[in-house]
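All of the numbers you see were taken from the coordinates with simple rules; none came from a lab. A quick note: this is a predicted structure, and the numbers were derived from the prediction, not measured. Cβ atoms come from the backbone with ideal geometry, glycine included; neighbour counts cover every protein chain shown.
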């Protein structure tokens, strides 16, 4: 693989062709209005600054209803009143030709601001967790179906706002993964039990999102899905990689346009005992039906080239925070000038103030390190 491979267009099953093999990963930017989730000037500036970071740009998680709100300054796509601001965001993201996608999210048991506002959090099952100061409530069948519909309504708002697609957030222990996990899903109805029924909620969300896209007549509108390939934490096993790959197979069969593998340990990470990486196993499971996006520990152009051995496209997380011109510099023959630290550069990065505060205070123990950010600690 070479730098030219990074710049090669990537066709998707829906007919859309992504400009290159680089994607700005979905990261909560902490720039939206704390009360309403509406787009702010900070949001617009942050994404406008990154309009040349990659050929495809994703927003951070946008909550589809108030019960799913997981972050104080999180973006909302839960109300029709959000659309005008989202249209500003889409225009900023696409001003240099990139494709713009919204990530659709529900926090489930992890919805901290929702608990503060509503006094409850919804999840597949009633359960207490050591790391949470509350017990989740089991969603009723009506609440499950209403939430599926909320993902559909959020998709319609993304279409109305001018986005090129959506990514369904089925990773990182949020609601969709909670339904797929035997650790957090103890239901005995149509939405839980055996593997087939644990897949029912994620697949129903995919079907509803695709139905809304079809009804809107939006040919080429992208529907992606992000997932963790397994859920294994020591003796706690929500699902092994073999089950994760069965979900991947079903997602590809359901017609998603790409599968985004969420990792925190490096793009080349392998499951224990496997000679093949999570990305390579996911490529095997989709069997050419849709592209695979890989992520984690990509900071330089060489990192991105090497990551293409594990996926069809490479997502930039912290690299997109540190180098807003990542793809543009590669295209201009300036790959050796890609920046990898925020030190002395904060003013040129347009990071929302709450994001900087998060990285330098309360987020220190939960966020991966961002080089050079500590000098801006309060």
Assuming a viscosity of 0.890 mPa s and a temperature of 25 °C, what translational diffusion coefficient in µm² per second does Stokes-Einstein assign to region 114-196, Rh being the Kirkwood radius over Cα pairs?
172 µm²/s
Under a point spin-label approximation (7 Å from Cα along Cα-to-Cβ), what is the residue 41-residue 216 distance to one decimal in nm?
2.9 nm
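Which semi-axes, in whole Å and largest first, does the equivalent ellipsoid of region 156-247 have when worked out from the alpha carbon gyration tensor as the square roots of 5 times its eigenvalues? Please report the intermediate quantities before stating the final value.
On the way: eigenvalues 161, 38, 20 Å².
Each semi-axis is the square root of five times an eigenvalue, giving 28, 14, 10 Å.
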Treating only the Cα positions of the chain as identical point scatterers, give the base-10 log of I(q)/I(0) from the Debye formula at each q in 0.08 Å⁻¹.
-0.36
For a label point 7 Å from the Cα of residue 72 along Cα→C-beta, name the residues of region 16-46 whose backbone N is under 15 Å from it.
29-37
Rounded to whole angstrom, the alpha-carbon centroid of region 192-248 lies from that of region 146-163 at a distance of 17 Å
Is region 329-378 best put as rounded, prolate or oblate by its Cα gyration tensor, with a ≥ b ≥ c the root eigenvalues, rounded for a/c under 1.5, and otherwise prolate when a/b is larger than b/c, oblate when not?
prolate
Using the beta-carbon distance between residue 2 and residue 300 and R0 = 22 Å, what value does 1/(1 + (r/R0)^6) give for FRET efficiency, to the nearest 0.05?
0.95
At 7 Å along Cα-to-Cβ for each site, give me the label-to-label distance between residue 366 and residue 194 in nm.
3.7 nm
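As an exercise, take the mean of 1/r over every pair of distinct alpha carbons in region 166-218, invert it, and state the Kirkwood radius in angstroms. Each step should come with its number before you reach the end.
Working: mean 1/r = 0.0853 Å⁻¹.
Result for region 166-218, one decimal place: 11.7 Å.
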Do the sum for the chain: with -39,500 (n - 2.57) for every DSSP H run of n ≥ 4, divided by all residues, what is the mean residue ellipticity at 222 nm, to the nearest 500 deg cm²/dmol?
-10000 deg cm²/dmol
Point-to-point label distance, residue 343-residue 186, nm (Cα→Cβ direction, 7 Å offset):
5.0 nm
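Compute the whole-percent fraction of alpha carbon pairs in region 139-181 spaced more than 13 Å apart. Kindly include the intermediate steps, with their values, before the conclusion.
On the way: 564 of 903 pairs.
Of the Cα pairs, 62 percent sit more than 13 Å apart.
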Residue separation between residue 95 and residue 276 times 0.36 nm, minus their alpha-carbon distance, gives in nm 61.3 nm
Between residue 17 and residue 250, 0.36 nm times their residue separation minus their Cα-Cα distance comes to what?
81.6 nm
Just subtract the alpha-carbon distance of residue 236 and residue 357 from 0.36 nm times their residue separation and send over the number in nm, one decimal.
40.3 nm
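Kirkwood hydrodynamic radius, region 1-152, all distinct C-alpha pairs: what's the number in Å? Walk me through the intermediate numbers first.
On the way: mean 1/r = 0.0594 Å⁻¹.
In region 1-152 this quantity evaluates to 16.8 Å.
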Here, region 265-364 modelled as identical Cα point scatterers in vacuum has Debye log10 I(q)/I(0) at q = 0.14, 0.16 Å⁻¹ of -0.65, -0.80
